[in-house]
1. Mind running the shape call on region A:59-101? Use the C-alpha gyration tensor, a ≥ b ≥ c as the square roots of the eigenvalues: rounded below 1.5 for a/c, prolate if a/b tops b/c, oblate otherwise.
2. Taking every pair of Cα atoms in region B:13-100, average 1/r, invert it to obtain the Kirkwood radius, and report Rg/Rh to two decimals.
3. Starting from the Cα coordinates of the protein assembly as shown, work out the convex hull volume and express it per residue in Å³.
4. Starting from a label point 7 Å past Cα on the Cβ side, list the distances from B:Asp13 to the same position in the other copies, nm, shortest first.
5. Quick one: putting +1 on the C-beta of Lys and Arg, -1 on the C-beta of Asp and Glu, what dipole do you get for region A:12-99 around its Cα centre, in Debye to the nearest 20?
6. Per-residue mean of other chain beta-carbon atoms within 10 angstrom of the beta-carbon, peptide B:91-98?
7. Quick check on region A:17-59: take the gyration tensor over C-alpha atoms, sort the square-rooted eigenvalues as a ≥ b ≥ c, and tell me if it's rounded (a/c under 1.5), prolate or oblate.
8. What does the charge dipole of the protein assembly as shown about its Cα centre add up to, to the nearest 20 debye, if the Cβ of each Lys and Arg holds +1 and the Cβ of each Asp and Glu holds -1?
2 protein chains.
Amino acid sequence: MKRSLEHIEYKEDTEALAKFAKALSHPTRIAILKHLENQSCCFTGDLVDVFPLAQSTVSQHLKELKNAGLIQGELKPPKIKYCINQENWNIAKSLFQQFFD
Amino acid sequence: MKRSLEHIEYKEDTEALAKFAKALSHPTRIAILKHLENQSCCFTGDLVDVFPLAQSTVSQHLKELKNAGLIQGELKPPKIKYCINQENWNIAKSLFQQFFD
DNA sequence: AAAACCAATCGTATATTTGCGATAAAAAAT
DNA sequence: ATTTTTTATCGCAAATATACGATTGGTTTT
């Protein structure tokens with residue numbers, strides 16, 4: 001990508017909102033989050049059964065949700081239990097609320 | 001991209017939410033929408049002055065926002081006046097509200 | 001009719017995203 | 001100690017996104 005010489009600096013809220021939106025920009029990730037909201041928590045393997053996707057692909061989506069801060073993984077060897085990260089979830093919620101008035 | 005043989009079908013709301021989120025997934029587009037919320041409307045040229053981006057790049061972002069249905073352009077020759085598409089804006093708003101509980 | 005203005009589109013380059021299979025790592029079960 | 005289970009990561013391929021300059025198309029002004 002031919003980039004602008006200087007990186008554009010946006011307000012912190014703008015950047016944060018865009019980052020959360022990006023995490024939500026794929027239907028699989030929306031579906032994963034909806035699933036987590038219902039189940040409260042789940043394991044990677046559960047999701048692999050729910051979605052017709054390779055294990056590595058599901059893992060990749062979980063990683064992005066984790067990077068965005070929307071979920072967190074708790075080690076329950078040999079599994080990993082994923083839950084909504086309530087703190088950041090609330091931050092995202094209020095950013096979107098604020099944005100839409 | 002090596003795709004699954006059959007395209008995954010998600011619920012309509014899930015697809016719609018992901019589509020809106022995608023439109024919001026770039027800080028420039030967030031900033032454009034915030035600008036439109038303040039000004040109620042504006043012209044492409046105004047935005048080119050506000051953002052340190054090429055005219056074609058701004059136009060590209062406007063196109064994506066238009067495709068997502070979040071804005072609409074009204075011909076005011078020789079300019080084009082862009083406004084929030086209030087109907088779809090409200091749909092997006094309620095989808096995000098619903099999603100975050 | 002010609003020149004000027006505004007915005008979309010085209011063509012191109014590069015970066016990022018998405019997806020898969022294969023492999024690795026870490027713990028549990030045998 | 002070996003095997004099994006579970007999940008992350010690597011390497012690759014293809015699609016999509018981002019950005020720019022140049023060009024095009026439409027309208028207004030001269």
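What follows draws every value from the coordinates through simple rules; no lab data is involved. Owing to the predicted nature of the structure, the values given are computational and were not obtained by experimental measurement. We place every Cβ from the backbone using ideal geometry, glycine too, and count neighbours over all the protein chains shown.
1. Verdict is prolate for region A:59-101.
2. Result: Rg/Rh = 0.98.
3. Each residue corresponds to 148 Å³ of Cα convex hull volume.
4. 2.7
5. Working: 10 positive and 9 negative charges, 42 e Å.
In total the dipole reaches around 200 debye.
6. Taking all residues of B:91-98 together, the mean is 3.
7. In terms of gyration-tensor shape, oblate.
8. For the protein assembly as shown, the charge dipole is close to 500 debye.
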